[in-house]
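Notes follow once the structure below has been shown.
All of the numbers you see were taken from the coordinates with simple rules; none came from a lab. In this text, all values refer to a predicted model and were calculated from it rather than measured experimentally. A quick note on method: Cβ atoms are made from the backbone with ideal geometry, for glycine too, and the neighbour counts reach across all protein chains shown.
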Amino acid sequence: MNNFRKVFGATKPVIAMVHFGALPGSPLHDEAVGLEGLLDGARQDLAALQAAGFDAVMFGNENDRPYEFEVDTASTATMAYLIGQLRSEITVPFGVNVLWDPKSSIALAAATGAHFVREIFTGTYASDMGPWTPDAGAAMRYRNRLGCDDVAMLYNVSAEFADSLDRRPLPDRARSAVFSSVPDAVLVSGQITGEAAELSDLEAVKAVLPDTPVLANTGVKHDTVADVLAVADGCIVGSSLKVDGNTWNPVDADRAADFMARARAAREP
């Protein structure tokens, strides 16, 4: 069985982001906040999201701008420490994403017992961070060496902050990624964090991948979640759940609860 189905069953999952504050070593890190401050912020967001009833959460380092393709070991180690401190409080399936480093994301999953990983594994891109050439073969072999065969791999096939140098249409690139790499799910994104994927892109990718879960990865809003879930097999949401809808703010418990209530209503037969 596909690992995605093992984690989520037949549900169209709504996965909520827990964005860590900027980690030690990154330019935006606040030494005055320290590890305890990072932990407190993540704990409050996690509690709000679980209380709202989200199907899963995903821990990410969105605040570590500018992003890296080979992430500082300290970043991955700090994320592992923070998740480890929260592990007993996590009551839903959880995933991890160390931007933009597939092998570090897999290593973090192995260290924390995460159920899924999100990353860019395939393609070639011109990006804000320079030329971007992920290696799915190396990443998947690394997963096998770490004994993480049951960790669901969520492949983002439309990278944020980047433009694909592969001129094939997005559905063709998505179909090719599934054929060559066998991901557990495919994600479709907007241009940057918090910006929606085009509904037409979701429809086109789902049309060529009827047997592979296809999720909206960015920019799902309260007033669009029903339309998104009518097409996609789930979604990942972060910015819409924050105070004032701002990616860099803490989670707003009321916004989170309202979003999940709308998602549940949209999923009912």
- Given 207-214, 77-84, the highest-first ranking by average Cβ count within 10 Å works out to 77-84, 207-214
- Note on the structure: Any aspartates and glutamates whose Cα falls less than 15 Å from that of residue 103, other than same-chain ones fewer than 8 residues away, would be 68, 70, 72, 119, 135, 149
- With a Cα-only, solvent-free Debye model of the range 19-153, what are the log10 I(q)/I(0) values at q = 0.15, 0.19, 0.21 Å⁻¹? -0.72, -1.11, -1.29
- Message: Using amide H atoms built in the peptide plane, which far-off residues or other-chain residues are under 5 Å from residue 187 H to H?
- Response: 155, 156, 157, 215
- Go ahead and estimate [θ] at 222 nm for the chain from helices alone: -39,500 (n - 2.57) per DSSP H run with n ≥ 4, summed, over the residue count, rounded to 500. -12000 deg cm²/dmol
- Query: Hey, any idea what the orientation-averaged projected area of the convex hull of the chain's Cα atoms comes to, in nm²?
  - Reply: 12.8 nm²
- Note on the structure: With the range 89-131 reduced to its Cα atoms and the Debye formula applied, log10 I(q)/I(0) at q = 0.20, 0.23 1/Å amounts to -0.65, -0.77
- Item | Within the range 107-143, trypsin sites (Lys or Arg not before Pro) in DSSP loop having at most 16 other beta-carbon neighbours inside 10 Å | none
